[in-house]
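Okay, structure first, notes after.
The values are calculated or read from the model by the stated rules, or taken from the named source; none is laboratory data. Because the structure is a prediction, the values reported are computed rather than measured. Positions of Cβ are generated from backbone atoms using ideal geometry, with glycine treated the same way; all protein chains shown enter the neighbour counts. All accessible areas refer to the heavy atoms of the entire protein, side chains included, with ligands and DNA or RNA removed. Shrake-Rupley method; radii C 1.70, N 1.55, O 1.52, S 1.80 Å.
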Amino acid sequence: MDTTLLFTAALQLPDPWRVSGVEFRDGEGGRRELHITIGFEPGSRFSCPHAECGREACPMHDVRNRVWRHLNFFQYKAFIHAGVPRVSCPEHGVRAVPVPWARPGSGFTLLFEAMVVELAKSQPVADIAEQVGEHDTRLWRFIRHYVDQARLYEDYTGVEAIGIDETSRKGHRYITVVADLAERNVICVVPGKDANTVKRFALDFMDHNGDPNRVTLVTCDMSLGFAKGIREHLPNAAKVIDKFHVIKHANEAVDKVRKTEAGRNPLLRRTKYLWLRNEEGLTGLQLETKHNLQEQRVKTGRACQMRETLQDIYATSTSRMQAEAGFQTLCSWMMHSRLEPMKTLARRIRRHWQDILTYFDHRCTNAILEGLNSIIQHIKTRARGFRNMDYFSTMIYLTCGKLDLATVTI
């Protein structure tokens, strides 16, 4: 079988395109490369590329030579060469004909781009660039193109319950991630963690047919910035303070008590996780050590009991009224404990009283976002950081957004 016919079939080229030449050449560093030349039948005519023009068989004006990087052929880099015809349309003038193997303006074939986008879901782009012998900036350019195009097809018409959480990009620079609690996917990534992030989300939400007035539930942490943004831009949403954030603040308070007390009692040094872990997660020796310390009436033991009481309220309360009574008793205990970190925790709970109790009406948490955040942190770690916010958000959408890439890569 003729090699050119074989490659024409392999590339699935439609008429009048055909492979006219296949050869190996010496590339950079003496490595061999496969170069495939594609042409078209002499006298071929093409349709006008303008989207609103149905004119067929337009005469050819001239030809512009182009080169595209293709999928490797075994261990060899592969390139496609073609003269791209420009046709003359009486209505729309001279226009370049789109080629079937690449999108307009790209230096890569569609198959090459699809392969890289798929690999980017599980590998750092820098590693992929090294594997394929390209600069990572060129790969990022089309990865972002496909993610942005796929997001244009996203429709958030029925989204009514969302979760909001922030994560650090680098140092003290933050991004805010918004997830659809029903579909369990990321629907928006914006820089910052203040009230303006909620505003930017609302604008993006409306761009995808979402209605901020139809959002009835938002789970988040105790951020005052988020609270302000939700009041202003999601006016009908009930705000639920995530219970895991409340317990997290309780853990931090207990550890502050321990650190202060450990300065006077060396037995409390290196016992952090005896007090922060639930007892079922402790070994027999750890549990015995904890009980022995509690028998000595250490302050940390009292703080730990308060934290355990908080967990019990969340675990056993069957109604908002029952939970409210439990919180009132707990806050009173903390305020009279003479343990400053626990008193601070009580004041914080009272500042967010209604939003904390709203949990018992809806039983929603940010657990979905916490799971997504672990994936996001893994993405950041494996990439050893990102050069800019656009790269980071692109990768979050690609891995956590459940985008339908088939709409733009096929």
Those residues of segment 98-146 that are charged (D, E, K, R) and free of Cβ contacts under 8 Å to residues at least 12 places away in the same chain come to a total of 6
Tell me, which helices (runs of 4 or more DSSP H) wholly within segment 134-237 include 3 or more residues that are closer than 29 Å to GLU113 by Cβ and of a type in the set (Val, Ile, Thr)?
-> 136-152
What pairs can you find where one residue is in segment 2-18 and free of Cβ contacts under 8 Å to residues at least 60 places away in the same chain and under 14 Å from ALA82 (Cβ atoms), the other is part of a loop (DSSP other than H, G, I, E, B) and open to solvent by less than 70 Å² (accessible area, probe 1.4 Å), and their Cβ atoms are less than 7 Å apart, with a gap of 6+ or different chains?
-> PRO16/SER44
Selection count where residues are open to solvent by 80 Å² or more (accessible area, probe 1.4 Å) and either in a loop (DSSP other than H, G, I, E, B) or of a type in the set (Phe, Trp, Tyr) (or both), scope segment 247-288 = 5
Taking segment 125-139 and keeping residues open to solvent by less than 20 Å² (accessible area, probe 1.4 Å) and in contact with a helix residue (DSSP H, G or I) (Cβ under 6 Å, 6 or more places away or on another chain) leaves VAL125, ILE128, ALA129, LEU139
Quick one: count up the residues across segment 29-49 that are at pLDDT 85 or above, over 30 Å from TYR76 (Cα atoms) and not hydroxyl-bearing (Ser, Thr, Tyr).
-> 4
Considering only segment 1-50, state which residues are in a strand (DSSP E or B) and either of a type in the set (Gly, Ala, Ser) or over 30 Å from VAL94 (Cβ atoms) (or both).
-> SER20, GLY21, VAL22, GLU23, PHE24, ARG25, ASP26, ARG32, GLU33, LEU34, GLY39
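Here's the yes/no breakdown for (1) basic (Lys, Arg); (2) closer than 23 Å to ARG348 by Cβ:
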residue	(1), (2)
HIS245	no, yes
ARG270	yes, no
LEU274	no, no
ARG277	yes, yes
VAL298	no, no
ARG307	yes, yes
Mind telling me which of the residues PHE112, PHE79 ends up being open to solvent by 10 Å² or more (accessible area, probe 1.4 Å), under 30 Å from LEU403 (Cα atoms) and outside any loop (DSSP other than H, G, I, E, B)?
-> PHE79
So, of the residues in segment 10-26 that are farther than 16 Å from LEU71 by Cβ and among the small types (Gly, Ala, Ser), which turns out to be most open to solvent (accessible area, probe 1.4 Å)?
-> SER20
